[in-house]
Amino acid sequence: MGEPADTAYKTTGSRWLLPVSGYLGFPLDQVNFLVCQLFALAAAFWFRLYLSPNHANPLIRHAVATLLGITFLIFCFGWYSVHIMTVVAANYLIILQADINNVHKYSMMITMGYLTACQMSRVFIYNYGILSTDFSGPLMIVTQKITTLAFQLHDGISKKPEQLTSEQKLMAINARPSLIEYLSYNLNFLSVLVGPCNDYKDYIDFIEGRHISRRLRRHSGTCNGQNGYSKTPEPSPLDAVCQKLLVCCGCMLFFLTVTRSLPIAYNVDPDFVSSAPFLTRLAYAFLSIQAARPKFYFAWTLADAVNNAAGYGFSGLDKNGKPSWDLICNLNIVGIETATSFKTFIDNWNIRTGIWLKMVCYDRAPRHRLALTFILSALWHGVYPGYYFTFLTAIPITMAARAIRRSIRHHVLGSSVLKLGYDVLTWAATQFAICYTVMPFLLLAVDQTLVYYRSMYFHMHIISILAAIALHRKHKPGEPSASSEKFPSVSSSTLSAPGSAECQPVHSNNNDKID
């Protein structure tokens, strides 16, 4: 019982809920976060119903969203919230004063440099401690938003339309934002704590009341004729919010009953490693990683529900004419749990971060795009050695998965039985490969990572390297190479124009993907 008290003592955030933290047995930072998100959910409904564009002008909506967001930061992090507001203020000065041809470069250097410095302090000053005052999560989201806006501003002012891709044209910004618009975009209460990152133009459309109408008008123009929009009532997000809250309840129940009984640290427990058979260690590693996912599902799904409750996140009408509220969703749980390839898993996990990496790095790097994108992803996540073990391990596994798929899959497509067996095997292989790869990401430290990999006899490293070498020569020159493929974390359809659903429909068929 001493450890939670020690953590609570170190916090610079609010301690009003310390009795609740002690009663529930949850760390104070988690209690503060949950209370803020639940309050944000209630505030989002109020924001949509009583502070809608029909009742309040954009300035009021911007101001309220910003003030609530700053309040959440101060409540959760106390004076540490100054770090987040400082980097936002500094980058607004860059947008106003810097050469527009280089504004995106300056913003990237300042935000990533500040983020890296803060994350280094966690490793070298706090010795891997993750305190209740850890503010790196919101700082990571703000970093994405700041750089997203800077790159889109650079596209809209500095570049000619013919120099831009279709996605870049769609989101290009043609004028510098005002101070209140900039603060609202970066610090609004809907996404300040856990995201997701979203595009500036989408957010401004939401604040000014055009977010839903533009997508309905686009749908009516293609499906119902030009007069269809006037007959289509604005859809309510209530059903989508309720469905996502049910998912959150299920994830919370799973966390309380299963996740807490399968701690990740037990994978490197000396007694367990020395006494348990290999298959037992392998099974526990698989189950503990599977059990660790629902806490991410909970946080991201609740954040999505908060945005939807405010009327944000409408992506259009699906093929059946039903409203879809998945514009800024961050994950596809079904796609993750049924993934039959490494790429499909990544496509459905932390979707908005994948879109950000593609937009600011992969689409713009003149060469070595994949390597530079992985480096940026690693730096953005932090400086814990475990992160880099994960990214380095993913390289040979990804290469082996591509080689195996290209060499074997076409042989089983002619038989439904063989295809089913292939899908089952590739699902199991993918899930175990993800478990093996992600474990260092959760263990963080070098010594614990090496203990785990030694206990696993480095089997996935060895198998993937041998498979990649053995099957490399079978790859035909005419087939698409890694350098010509889309960035593996984001499918091209994920970045489709607004009006199409961006989560479920994109990744609905895992087995037909090619990676």
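The values are calculated or read from the model by the stated rules, or taken from the named source; none is laboratory data. Here the structure is a predicted model, which is why all the values come from computation and not from measurement. Because the Cβ atoms are built from the backbone with ideal geometry, glycine has one as well, and the counts that use them run over all protein chains shown. Quick note on the areas: whole protein, heavy atoms, side chains included, nothing else; ligands and nucleic acids left out. Shrake-Rupley method; radii C 1.70, N 1.55, O 1.52, S 1.80 Å.
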Next item on the list: Report the label-to-label distance for residue 159 and residue 249 in nanometres (one decimal), using points 7 Å from each Cα along the Cα→Cβ vector.
Entry: 4.6 nm
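Quick one: pull the percent of accessible area on segment 247-320 belonging to carbon and sulfur, 1.4 Å probe, ligands and nucleic acids left out. Present the calculation step by step, with values, prior to reporting the outcome.
Working: 2150 of 3120 Å².
On segment 247-320, the fraction of accessible area on carbon and sulfur atoms equals 69 percent.
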Checklist line | Heavy atoms of residue 427: accessible area, 1.4 Å probe, square angstrom to 10 | finding: 90 Å²
Next item on the list: Using 0.36 nm per residue of separation minus the Cα-Cα distance, give me the extension gain between residue 39 and residue 411 in nm, one decimal.
Entry: 128.5 nm
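Between residue 446 and residue 284, what FRET efficiency follows from the Cβ-Cβ distance if R0 is 30 Å, with the result rounded to 0.05? Intermediate results must be reported in sequence, preceding the final value.
Working: r = 22 Å, r/R0 = 0.72.
It comes to 0.90.
If the limit is 29 Å between Cα atoms, which of 319/343; 145/244; 201/358; 169/244 go over it?
Values: 319/343 26 Å; 145/244 24 Å; 201/358 18 Å; 169/244 32 Å.
As for pairs spanning more than 29 Å Cα to Cα, those are 169/244.
Among 331, 279, what's the order by accessible area (1.4 angstrom probe), most exposed first?
Numbers: 331 20, 279 130 Å².
Ranked list, largest accessible area first: 279, 331.
Relative contact order for segment 14-87 using alpha-carbon pairs under 8 Å, separation at least 6, rounded to a whole percent? Can you show the working numbers first?
Values: 26 pairs, mean separation 26.4, N = 74.
It rounds to 36 percent for segment 14-87.
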Checklist line | Accessible-area order (highest first, 1.4 angstrom probe) of the listed residues 319, 295, 201 | finding: 319, 295, 201
Checklist line | For segment 32-107 and segment 404-435, distance of Cα centres in Å | finding: 46 Å
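What accessible area per residue, rounded to a whole number of Å², is obtained for segment 68-179 using a probe radius of 1.4 Å? Mind dumping the intermediate values first?
Numbers: 4780 Å² over 112 residues.
Accessible area per residue: 43 Å².
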Next item on the list: Pull out a ≥ b ≥ c, the square roots of the eigenvalues of the alpha-carbon gyration tensor of segment 394-441, then state rounded if a/c is under 1.5, prolate if not and a/b is larger than b/c, and oblate in the remaining case.
Entry: oblate
